[in-house]
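One structure below.
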Amino acid sequence: MGVLSRKATCNSHGQDSSYFLGWQEYEKNPYDEVTNPHGIIQMGLAENQLSFDLLESWLAKNPDAASFRRDGQSIFKELALFQDYHGLPAFKNALVDFMAEIRGNKVTFDPNHIVLTAGATSANETLMFCLAEQGDAFLLPTPYYPGFDRDLKWRTGVEIVPIECTSSNRFQITASALEKAYEQAQKKNLRVKGVLVTNPSNPLGTSMTRDELDLLVNFISDKEIHLISDEIYSGTVFSSPAFVSIMEVLKDRNLEKTEVWERVHIVYSLSKDLGLPGFRVGAIYSNDPIVVAAATKMSSFGLVSSQTQYLLSAMLSDKKFTKEYIAKNHKRLQKRRSKLVAGLEKAGIGCLESNAGLFCWVDMRHLLSSDTFEAEMELWKRIVYDVKLNISPGSSCHCIEPGWFRVCFANMSEDTLKLAMQRLKSFVGSIAVNDRSHRDLKNSRRKFRTKWVFRLSFQSFHDREQDER
Amino acid sequence: MAVEIEQQQQQPSVGLSRVAVSKTHGEDSPYFAGWKAYDENPYDEESNRSGVIQMGLAENQVSFDLLEKYLEEHPEASSWGKGAPGFRENALFQDYHGLKSFRQAMANFMEQIRGGRAKFDPDRIVLTAGATAANELLTFILADPGDALLVPTPYYPGFDRDLRWRTGVKIVPIHCDSSNNFQVTPQALESAYEHAQSMNLNVRGVLITNPSNPLGSTVGGSTLEMILEFAVCKNIHLVSDEIYSGSTFSPSEFTSIAEILRNRGYKDIETERVHIVYSLSKDLGLPGFRVGTIYSYNDNVVTTARRMSSFTLISSQTQHLLACMLSNTEFTENYIKTNCERLSLRYETIVEGLKKAGIECSKGNAGLFCWMNLSPLLDEPTREGELALWKIILNEVRLNISPGSSCHCSEPGWFRVCFANMSEQTLGVALERIHKFMEQRKNLQ
């Protein structure tokens, strides 16, 4: 027998991509400071492990929240029975306040427009089910999170058409790239239903500029399509420019309550900002009451545990805690990022200037044997198997330029990061000595060098001096 | 220029998907009016003794004291110990394989419920956020849009949404009737299959609920074998939704499809098509925690279901709590035994009370509800007649019960009445009201 559905037998789950293969290699031989010091260091997992102590200390001071108690009274029965897909009101209120706080309170959110889902994975898929179907497409700027191939397409039948971005302008979205993507979709006989952006970006680690956001608003107005802004990293913006949410732009342009307003939807989650991916807390925020209604019903297929809703409602209602958490978390992320960047520089490797996220977008084009994706895969395999670092190749993120890699910095200890950088430095050093085509590479490198790489070399010269002090 | 503008206007407006605007979520069905009436005027023992009593919600509220006692005695289950040492690991755990200790505990619990007559391999357990998610997920895996699943009537109204809405799969009913206590017969199965074929639908499987909702009765071993053989013969799947398995009043009366497979020697041709759905929402009374599982004997289904479960994972905080609770065999043995005794008592109370009022119920032995026969009271033996009677019961007797038509029952006049979601006192009040209502009707005749 064995006949399963087409969905079950197709490959749209994406689990055969290199993104997942790297994980598998890591699982076979994971680094451990004590028991496996030569193992693979996981740098492909965008987790935030820097601020657990803050959460743990809050939990120790507020034992009721995890023990089903409110003001000393047991509310276990109430929570155990609570399966209303409208969500726990206290939690929704606390969540929208937190989202506003992250945006510097420049925008506010209505708890009646928020839909809770089991993670952003569920939120993104649910929005696809609500807004599109087989034969439709969403435009996504590349590079993008590899999981989108599964989340947006697998069970929904929706297609993704890339908006190609390049290093020529730091991978920002341009009007021509948008138009090109739209036309590309039409050529494939796909009906474009919207654009989905991740802001701040995964894998770039940058927040979108106001110009980009304006461009998007103009584009979706003109084409009369939707815009989904996946803002799950909004709480990780650790340096300037400050985070500008799509809602802020709409507000500033007096577009509230217009048609375009109702076509903008936000996805949020506590997996990255709070470091709680296990708790499965995601949300859809939409200005369109019909989308809210449909998504709410669909959330039946992925509700957030009431036990977890209650815990987090207590935590996020503690404004003193959230203020302190956001500030400290930012500082730690910024510091950690600097360490990664410095370590990369010592290895003669540059990365995209970034102000957010849990990773850097690293430029290893100069280490490629040729300007091809085959060479990128070759380099990646050497880094995974020889250098023993699991990083994510740009091709898994659909980047159109070979040689870029996403490297995470917040899912390990400082010592482990240091070790990873040492390994990388040794590796690059060994290439310089052994690689016969290095000289040829030096010549071709000049063609691809952009302004900021020159600036970077200049900087690293100075930094090296400082470190040696 | 003018032509371009015209063309633009002819383009369809962007709108939402068909799924988003369809009515397949089923929430516009007439019996939602019952919920509304309850919400607007809910019965309360202290403050609103004339309000509507909710008897349409299949919740298990009879054993919370046992759960609360466990939590009090085992604070480590709901916290992460002093200084929260396991917190970090738990908070980071998003592996779609699920917590091994939790899967192990679930496997043990499911075995205990079946009195050890079946064995479950924790590595075949896939976790989902509730049985709602499990049923939808299985449908995505076993069928393509436009295909059909055969489901015996009467069935849980939520299936119309869970199996059909986003999947595009159709339900073809296997008609059962009171002539044999609504059991599935070979003729009914064959008839449903042929009906599907006549509509050019590709049948991919049979989905049964055992114990049945809304009947409140277990499916017999020979019926299970008959359905299994039918599935083998037609080369289709068999999904057994066993979410009420731990709510059988005399646990030895429940026969799981897992037992049947075991007794028949785990033949590949039989096991490869069988999938079991389970949940803690009914047996443990924890619908808010969203704990569902799929157990499949088919490796491909397990692997695919696991990957798909990414869309509907169980909170690791909740997995931790339940791993602790369900690994405690002293607790689980006592819970299963006590819970079944209390449900049995509730069932006897309601059936006796209804009998005294002159109302018969079908023979039940499980679940959180009874299947009540009010067909003698119908003005006309039709769906309209049933709805008219339902409205009277809602508005005059002020009881929200579920009409058989909402469960796709082909015989009008049957109603599902829940008995475990209220106090004993409230159940008494409900029975008094029914008694009074029946008296009044007798006097009118």
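Helix A:210-223 axis versus longest C-alpha principal axis of chain A: approximately 60°, rounded to the nearest ten. Taking the accessible area of the stretch B:378-445, probe 1.4 Å, and keeping the other protein chains in place, the carbon and sulfur fraction comes to 49%.
Within the stretch B:140-156, the residues that become at least 50 Å² less accessible when every protein chain is included than when their own chain is isolated (1.4 Å probe; DNA, RNA and ligands ignored) are B:Phe140, B:Asp144. A 1.4 Å probe run over the stretch A:199-290, with the rest of the protein chains in place, finds 28 Å² accessible per residue. The phi-based Karplus calculation (6.51 cos²θ - 1.76 cosθ + 1.60; θ = phi - 60°) puts the 3J(HN,Hα) values of the stretch B:372-387 at 9, 9, 10, 4, x, 8, 6, 5, 9, x, 10, 4, 4, x, 5, 5 Hz, whole numbers, x for Gly and Pro.
Chain B packed on chain A takes about 6500 Å² of accessible surface away from a 1.4 Å probe, both sides summed.
Cys residues of chain A that find no other Cys beta carbon under 4.7 Å: A:Cys10, A:Cys130, A:Cys165, A:Cys397, A:Cys399, A:Cys408.
Once the 1.4 Å probe is applied to the protein heavy atoms, the stretch A:296-415 comes out at 32 Å² accessible per residue.
Where both bridge residues fall in the protein assembly as shown, DSSP classifies roughly 50% of the beta bridges as antiparallel. Between A:Glu78 and B:Tyr266, how high is the FRET efficiency from 1/(1 + (r/R0)^6) when r is the Cβ-Cβ distance and R₀ = 45 Å? Nearest 0.05. The value I calculate is 0.55.
For the segment B:157-166, counting C-beta atoms of other chains within 10 Å of every residue's C-beta and taking the mean gives 2.
Where only DSSP H runs of four or more residues are counted, chain A gives -14000 deg cm²/dmol as its mean residue ellipticity at 222 nm, each run worth -39500 (n - 2.57).
Compute the signed sum of charges (Lys and Arg +1, Asp and Glu -1) over the other residues within less than 13 Å, Cβ to Cβ, of B:Ser410. The answer is -2. Ordering A:Ile114, B:Gln187, A:Ile290 by Cα displacement along the dipole of the protein assembly as shown toward the positive end leaves A:Ile114 in first place; charges were set at the Cβ atoms of Lys, Arg (+1) and Asp, Glu (-1).
Of interest is the spacing of the C-alpha centroids, which for the stretch A:327-383 and the stretch B:229-281 amounts to 52 Å. Give me the percent of accessible area attributable to carbon and sulfur for the stretch A:195-241, probe 1.4 angstrom. With neighbouring chains kept in place, the figure for the stretch A:195-241 is 46 percent.
With Cα atoms defining each centre, the stretch A:19-87 and the stretch A:249-326 are spaced 19 Å apart in the structure.
When chain A is described by a simple charge dipole with +1 on each Lys and Arg Cβ and -1 on each Asp and Glu Cβ, the residue from A:Ser176, A:Ala90, A:Leu312 located farthest towards its positive end is A:Ser176.
Normalised by the number of residues in chain B, the mean separation of alpha-carbon contacts (under 8 Å, six or more apart) gives a relative contact order of 23 percent.
Note: relative contact order over chain A, using C-alpha pairs below 8 Å and six or more positions apart, is 22 percent.
The mean count of C-beta atoms from other chains within 10 Å of the C-beta of residues in A:62-70, rounded to a whole number, is 3. Overall, chain A carries a charge dipole of about 820 debye about its Cα centre when +1 sits on the Cβ of Lys and Arg and -1 on the Cβ of Asp and Glu, all other atoms neutral. With K and R counted +1 and D and E -1, the other residues having a Cβ less than 14 Å from that of B:Ser50 yield a net charge of -2. Expressed as an acute angle from 0 to 90° and rounded to the nearest 10, what is the orientation of the C-alpha long axis of helix A:414-434 relative to the principal long axis of chain A? Helix A:414-434 sits roughly 30 degrees off the main axis of chain A.
Once a ≥ b ≥ c are taken as the square roots of the eigenvalues of the Cα gyration tensor of the stretch B:125-237, is the result rounded (a/c under 1.5), prolate (a/b larger than b/c) or oblate (a/b not larger than b/c)? Since a/c reaches 1.5 but b/c is at least a/b, the shape of the stretch B:125-237 is classed as oblate. Per atom type, the stretch A:255-410 shows carbon and sulfur on 54% of its accessible surface, probed at 1.4 Å. Across all Cα pairs in the protein assembly as shown, the calculated P(r) in 20 Å bins from zero up to the longest distance comes to 14, 43, 33, 9, 1, 0 percent per bin. Using the average count of surrounding beta-carbon atoms within 10 Å as a protection proxy, the listed peptides A:83-94, A:324-335 rank, highest first, as A:83-94, A:324-335. Across peptide B:281-293, the mean count of Cβ atoms from other chains lying within 10 Å of each residue's own Cβ comes to 5. Helix A:175-187: angle to the longest alpha-carbon principal axis of chain A, degrees 0 to 90, nearest 10? In chain A, helix A:175-187 runs at an angle near 80 degrees to the longest axis.
The helix-only estimate of mean residue ellipticity at 222 nm for chain B, built from DSSP H runs of length n ≥ 4 each weighted as -39500 (n - 2.57), is -13000 deg cm²/dmol after division by the residue total. With Cα atoms defining each centre, the stretch A:405-425 and the stretch B:31-59 are spaced 59 Å apart in the structure. Solvent exposure of chain B amounts to 39 Å² per residue of accessible area, where only protein heavy atoms count and the probe is 1.4 Å. Amide hydrogen proximity for A:Val264: with H placed 1.01 Å from N in the peptide plane, the residues at 5 or more positions away or on another chain lying under 5 Å are A:Leu227, A:Asn287.
The values are calculated or read from the model by the stated rules, or taken from the named source; none is laboratory data. Just so you know, these numbers come straight off a predicted model, no measurement behind them. Neighbour counts run over all protein chains shown; Cβ positions are idealised from the backbone, glycine included. With ligands, DNA and RNA removed, areas are computed over all heavy atoms of the protein, side chains included. Shrake-Rupley method; radii C 1.70, N 1.55, O 1.52, S 1.80 Å.
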